[in-house]
Structure formats: C-alpha cells, structure tokens
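A short worksheet on the structure shown next.
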C-alpha cells in the first residue's frame with residue numbers, strides 16, 4: 001500500500017468517523033437522559049395526588065403493608081413532617097422508615113419540588129420526587145434497578161452500533177480510496 005493510498009483512506013475515514021461518532025453520541029445521550037427522566041414520571045403523579053389530598057385535609061396513612069425498599073422495586077409513598085421524620089407511608093428501609101437529608105426537603109420547599117437520585121446504602125438506588133404539602137412533605141419513590149438495566153442495555157446497543165458504523169466507514173473509505181486511485185491510474 002502506498003503512502004498516498006493510506007493518506008486518501010485517512011482523509012475519508014477521519015471526518016466520517018468523527019461525524020458518525022458525534023451523531024451516535026448525541027443520540028445515546030438523548031436516549032439515556034430520556035430513560036432517566038422517565039424514571040421520575042410515575043412518582044411525580046403519585047406525589048402530586050397525595051399532596052393534593054393532604055392539602056385538602058386528608059391524613060397521611062400508616063406503614064401497614066409497607067414495602068422493603070432495599071429489595072422491592074415497587075413504587076412507594078412516604079409522608080414526612082417538617083423536620084424530615086417519616087410519619088406514614090408504604091416504604092421501609094430494613095423495617096424502619098427511611099430518613100432523608102434535611103437539605104433535600106429544604107430544596108423541595110424552596111423550589112416547590114425536588115427530584116433526586118437517592119442511595120441510602122450501597123446497592124439501593126431510588127428515584128425520588130419530593131413535594132411540600134402544607135406542613136408535610138410527600139415523597140414518592142421507586143427503585144432505579146429497572147432504569148439502570150435499560151441504561152446498560154442502551155449502552156451495549158450503542159457500542160455495538162458504533163463498532164458496526166466504524167467498520168462500515170472504514171470499509172467504504174477503503175473502497176472509495178481504491179476507486180479514486182483507479183481513476184488516477
């Protein structure tokens with residue numbers, strides 16, 4: 001292979017590889033962010049409904065039939081008082097009501113809502129939506145396990161798609177350089 005032939009291949013490959021990688025990266029980031037935003041969607045509706053009931057005079061209800069959030073992936077609801085103590089709800093961490101950092105509640109009070117990823121312990125990641133509701137805070141949460149599985153699958157598909165695209169770019173660049181070289185001969 002001559003130096004001119006290799007230079008021609010590189011002149012074709014590099015801009016195509018950069019353009020294809022950029023397009024694929026933008027698509028990946030968009031899809032990953034969409035997955036993460038959707039992880040909060042059910043909690044938003046649950047928290048809004050519960051907050052409206054509490055503001056209308058309803059009482060937060062107890063921890064009967066509570067879910068162990070360290071193992072269960074189902075959505076849950078917590079009601080916290082102004083100091084951040086859980087007083088009712090359906091989610092327990094190792095049999096006790098979970099405690100959130102006061103700053104999380106302060107941010108919800110200030111902004112009207114706070115959407116966070118919370119990890120009370122290693123391996124237990126939760127998507128939470130916190131709303132102030134009168135003298136209470138309503139916290140709706142669920143495990144991020146499913147979302148993280150989807151993100152992992154997305155990453156695998158993106159990497160395979162990128163590798164196939166790069167192989168096609170290289171192959172087409174070699175063919176294009178060969179055609180250009182034959183024209184010059």
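The values are calculated or read from the model by the stated rules, or taken from the named source; none is laboratory data. Note that this is a predicted model, so its numbers are computed, not measured. Note: ideal-geometry Cβ built from the backbone for every residue, glycine included; neighbour counts use all protein chains shown.
Tabulated data
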| item | result |
| --- | --- |
| Members of the range 46-89 that are in contact with a strand residue (DSSP E or B) (Cβ under 6 Å, 6 or more places away or on another chain), surrounded by fewer than 16 Cβ atoms within 10 Å (Cβ to Cβ) and part of a loop (DSSP other than H, G, I, E, B) | 61, 62, 73, 74, 81 |
| Test for residue 117: is it surrounded by fewer than 16 Cβ atoms within 10 Å (Cβ to Cβ) and in a loop (DSSP other than H, G, I, E, B) | no |
| Among residues of the range 105-114, those that are crowded, with 20+ Cβ neighbours inside 10 Å and not in a helix (DSSP H, G or I), counted | 1 |
| Subset tally (residues that are farther than 30 Å from residue 128 by Cβ and not assigned by TED's automatic domain parsing to the domain that holds residue 158) for the range 8-41 | 0 |
| Residue in the range 14-24 that is closer than 30 Å to residue 174 by Cα, surrounded by 14 or more Cβ atoms within 10 Å (Cβ to Cβ) and within 19 Å of the chain's Cα centre (by Cα) present | yes |
| Residue, surrounded by the most Cβ atoms within 10 Å (Cβ to Cβ), within the range 126-163, restricted to residues that are assigned to a loop (DSSP other than H, G, I, E, B) and over 11 Å from the mean Cα position of the chain (by Cα) | 134 |
